[in-house]
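Heads up: the structure comes next, in structure tokens.
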Amino acid sequence: MENISRRKVLIIYTGGTIGMVANMNTGALENFGLNRFLEMVPELNRMDYDISLKAFDPPIDSSDMEPVRWRELAEMIIENYDLHDGFVVLHGTDTMAYTASALSFMLENIAKPVIITGSQLPIGALRTDGKENLLTSVEIAAACDLSGRPIVPEVCIYFDSRLMRGNRTTKINAEGFNAFRSFNYPSLAHAGIDIHYSTHLIRPYRPELPLCPHLDLDDRVMVLTLFPGIRRDFIEAALSAKELRAVVIKTFGAGNAPQKPWLVDAIRELSRCGVHVVNITQCSEGSVEMHRYETGLQLLNVGVEPGFDSTIESCVTKLMVILGATQDPAEIHALLNRSIAGEVTIPV
Ligand code: ASP
């Protein structure tokens, strides 16, 4: 039986609206430091956990997030992994879903909660959503069963009373408190008077599997969103980048693209040159099924991989992590067609 008397939670503050204040001159929101942030949340001292804090120095607006900062964040978690029972990451909402997805792939076999949260209103604002998001995230990060096993041993986003699998989330609202949705996978928990966990949806606790970090990300990935009337010269210019190793195509409906021979030829050429092309749908809900229509089948026939029901955030970061870990085309193909951290539903 593990010691469950005092749960240890590490809060990592990276920046974002939750820790911002309006600049007196410009009125624009800017980050402030960790000490000032803590003064605004005295409630943390009333929680019955050992809470430690770390921060990015300086904190960043999440629009400035990039793979090297994901590495920094993953390393902070790895260095503190054995010392804590759970982690809370405070993060800007703009790219939170990318960070949640990236961490879920970078921290393979994670067996402790990593709960990412932030807010739409700064923590110092009267009507802030930040306090509830933060305090409930700490509670979820510390939550365990009677044997001391964590209830949520995976990377999640907690926002507006909902706990979601991190690599299934997308930011859907630039204003409302319900900023995130997980369209293709149900919420893992709801917080009301009590927190109700849907344990059958949560990754099982597998402490026997060693944490396997993947810290080298390959950023030679591009996203191509199709639209009616998209021009050949623009696509050809974009796809001719010398360093390109992978393209995510955001297609129509169930994975369909215009039947233009030049488009299909351009994609065939990419595959021939070893560039991996993954197809995800522009729809928020549902999955790519390239064999359903002729307009999808033409892509399958030139080597395009299915992205299933992946979010764009998950697809991009999964590619970055896979390409950073291996050069072997067969291995890349196998990993793309597998759910690594619960990010896709593979049809049976
Ligand atoms: N621009 C902010 C950020 O993502 C927005 C937010 O935190 O909600 O850092």
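The values are calculated or read from the model by the stated rules, or taken from the named source; none is laboratory data. Note that this is a predicted model, so its numbers are computed, not measured. Every residue, glycine among them, receives a Cβ derived from its backbone with ideal geometry; neighbour counts consider all protein chains shown.
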Go through the range 67-87 residue by residue and tally those that are touching a residue at least 60 places away in the same chain (Cβ under 8 Å) and within 16 Å of the ligand (Cβ to nearest atom).
-> 2
Among the numbered conditions (1) touching a strand residue (DSSP E or B) at 6+ places or on another chain (Cβ under 9 Å); (2) more than 23 Å from Thr128 (Cα to Cα), tell me where Gly15 comes up short.
-> (2)
Provide a single number: the residues in the range 282-333 that are within 19 Å of the chain's Cα centre (by Cα) and part of a helix (DSSP H, G or I).
-> 14
Complete set of residues in the range 107-145 that are aliphatic (A, V, I, L, M) and either modelled with pLDDT under 95 or over 22 Å from Ile193 (Cα atoms) (or both) | Leu107, Ile110, Ala111, Val114, Leu121, Ile123, Ala125, Leu126
Quick one: which residue in Arg231, Arg245 is at pLDDT 95 or above and closer than 24 Å to Met106 by Cα?
-> Arg245
Looking for whichever is out of contact with any Lys or Arg (no Cβ under 7 Å at 6 or more places or on another chain) and buried (at least 23 other Cβ atoms within 10 Å of the Cβ) here; the options are Pro67, Pro113. Which one fits?
-> Pro113
Which number in (1) of a type outside the set (A, V, I, L, M, F, W, C); (2) assigned to a loop (DSSP other than H, G, I, E, B); (3) touching an Asp or Glu at 6+ places or on another chain (Cβ under 8 Å) marks the one condition that Glu343 misses?
-> (3)
Of (1) assigned to a helix (DSSP H, G or I); (2) at pLDDT below 95; (3) of a type in the set (A, V, I, L, M), Val68 satisfies every one except (2)
For the range 251-265, how many residues are on the phi < 0 side of the Ramachandran plot and surrounded by fewer than 20 Cβ atoms within 10 Å (Cβ to Cβ)?
-> 9
So how many residues does the range 327-348 have that are exposed (fewer than 14 other Cβ atoms within 10 Å of the Cβ) and β-branched (Val, Ile, Thr)?
-> 2
Restricting to strands (runs of 3 or more DSSP E) lying wholly in the range 76-184: which have 1 or more residues that are more than 14 Å from the chain's Cα centre (by Cα)?
-> 86-90, 162-165
All positions within the range 282-308 that are out of contact with any Leu (no Cβ under 7 Å at 6 or more places or on another chain) and either surrounded by 23 or more Cβ atoms within 10 Å (Cβ to Cβ) or hydrophobic (A, V, I, L, M, F, W, C) (or both) | Cys283, Val288, Gly296, Leu297, Leu299, Leu300, Val302, Val304, Pro306, Gly307, Phe308
Any hit, the range 89-103, residues being touching a Leu at 6+ places or on another chain (Cβ under 6 Å) and either crowded, with 24+ Cβ neighbours inside 10 Å or not hydroxyl-bearing (Ser, Thr, Tyr) (or both) | no
Taking the range 24-40 as the region of interest, how many residues are within 16 Å of the ligand (Cβ to nearest atom) and assigned to a loop (DSSP other than H, G, I, E, B)?
-> 6
For the range 88-126, the count of residues that are free of Cβ contacts under 8 Å to residues at least 40 places away in the same chain and away from the ligand (no atom under 13 Å from the Cβ) equals 1
Pick from Val9, Val21: which is away from the ligand (no atom under 16 Å from the Cβ) and of a type in the set (Val, Ile, Thr)?
-> Val9
State whether one or more residues within the range 327-339 are at negative phi, in contact with a helix residue (DSSP H, G or I) (Cβ under 7 Å, 6 or more places away or on another chain) and of a type in the set (Ser, Thr, Tyr).
-> no
Applying the selection to the range 225-243, what residues are surrounded by 11 or more Cβ atoms within 10 Å (Cβ to Cβ) and small (Gly, Ala, Ser)?
-> Ala238, Ser240, Ala241
In the range 48-65, what residues are away from the ligand (no atom under 13 Å from the Cβ) and assigned to a loop (DSSP other than H, G, I, E, B)?
-> Asp48, Tyr49, Asp57
